[in-house]
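Readers should treat all values here as calculations from the given coordinates under stated rules, not as data from a laboratory. Just so it is clear, the structure is predicted and the values come from calculations on it, not from any experiment.
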Amino acid sequence: MVTFEGLPGAVAVSHLTVYDWPAADGLRGGTPHLHLTCSEGYVVIGGTGSVQTLTTTGFRQTPLAPGALVWFTPGTIHRLVNDGGLRVVVLMQNSGLPEAGDAVLTLPPALLTGPEVYGAAAALPQDGTEAERERAARARRDLAVTGFLALRDAAEAGDPEPLAAFHRAAAALVRPRTEEWRTRW
């Protein structure tokens, strides 16, 4: 007999304390990204902030405070902004899939040209000092913020092509992994 010890549908639950490092735009927070096949939800358990989202219907900023519940579907670019002590419980569909490559960061287009280029830009060092790992995480986050701001600005100016191009590039990056994902599904 096999015993399943997770939530129904392989939903993962994790606790997240959002970066409080300032980005190039002056906001403190996380790395903008999307998931191609996973829905994601946040239950805010402490602090304040917002989640910025970008879809084909436009940009949105949703305030977050304790008790707030926010949920979004695959393909939604999202970025957490930390105004102070923001902590969330994350509910993620397809447990383990985001770590297996379902998440794609909003890096600038030149870094989305193929798995090797993207992988080198998105990877964080597994060794080194904590300060070195933090510097790498900040640099990666800032690259993704740069890409996100360009996508948001284009969408707000009425130009849907940069977001469509990002979606195409993200799909191309994960396409080689989809067969492996079938076992997780």
Between Thr17, Thr129, Thr56, which gets the highest mean-square fluctuation from a Gaussian network model of the chain, Cα cutoff 10 Å?
Thr129
Using a Gaussian network model of the chain whose springs link C-alpha atoms within less than 10 Å, name the residue from Leu151, Leu16, Leu163 with the highest mean-square fluctuation.
Leu16
Between Val43, Val117, Val51, find the one with the highest GNM mean-square fluctuation for the chain; connect C-alpha pairs within less than 10 Å.
Val117
